[in-house]
1. Quick check: the distance between the Cα centres of the range 61-122 and the range 14-60, to the nearest angstrom?
2. Roughly how big is the chain's charge dipole about its Cα centre, with Cβ charges of +1 (Lys, Arg) and -1 (Asp, Glu), in debye to the nearest 20?
3. Name the chymotrypsin sites (Phe, Trp or Tyr not before Pro) in the range 1-91 that are in a loop by DSSP and that have at most 14 other C-beta atoms within 10 Å, would you?
4. Add -39500 (n - 2.57) for each DSSP H run of 4 or more in the chain, then divide by its residues: what number comes out at 222 nm, to the nearest 500 deg cm²/dmol?
5. Mean separation of Cα pairs under 8 Å and 6+ residues apart, divided by the residue count of the chain: what relative contact order is that in percent?
6. Taking the Cα atoms of the chain, what is the range of coordinates along each of the three principal axes, in descending order and whole Å?
7. Search the structure for amide H atoms under 5 Å from the amide H of S32, placed 1.01 Å from N in the peptide plane, and list their residues when 5 or more places away or on another chain.
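Nothing in this text is a laboratory measurement; each read-out follows from the coordinates by a stated rule. Quantities reported herein were computed from a predicted structural model and do not represent experimental measurements. Heads up, the Cβs are rebuilt from the backbone with ideal geometry, glycines too, and the neighbour counts pull from every protein chain shown.
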Amino acid sequence: MKLHTTSTQHYQTVTGYDETGVEINAVRFSYSLLVQPEAAPVAWPPRSFDELTAEHFAQIGAVSPDVVILGTGARQRFVHPRLVTALTARHIGVECMDSQAACRTYNILMAEGRKVVLALIFEGPPAGA
């Protein structure tokens, strides 16, 4: 699905997505990544939902977002609370949803000026691997 452009073009905006990847500002990514409004997308280690660890969420916590939108693939899945304890202790919200809903929600929150991180899981190798 393609998304329409908005006045937020100087931010990292989801411009398209499907089951195998996502486009950020029209650049395609087919591996798990973290997206923030004002920073370039970065590869994220987990290659599947079942690989998620507390350390993966600690990487997100390092940027101190207000909320984390976790895209769990084709269907919504919920992380075990122990994996996000460090985030919730700092009052950082973690919302789990299917990846398409996560992309839409990220764009809305980003456009509202929220400090949000989009964490997407795709079962592909990171760039350069």
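1. First find each Cα centre; the distance between them is then 11 Å.
2. On the way: 10 positive and 12 negative charges, 31 e Å.
Computed charge dipole of the chain: roughly 140 debye.
3. Hits after loop and neighbour filter: F78.
4. Rounded to the nearest 500, the figure is -5500 deg cm²/dmol.
5. Details: 260 pairs, mean separation 39.2, N = 129.
Taking the mean separation of contacting Cα pairs over the length of the chain, I get 30 percent.
6. 37, 31, 26
7. Here the answer is W44, F122, G124, since their amide H atoms fall under 5 Å of that of S32.
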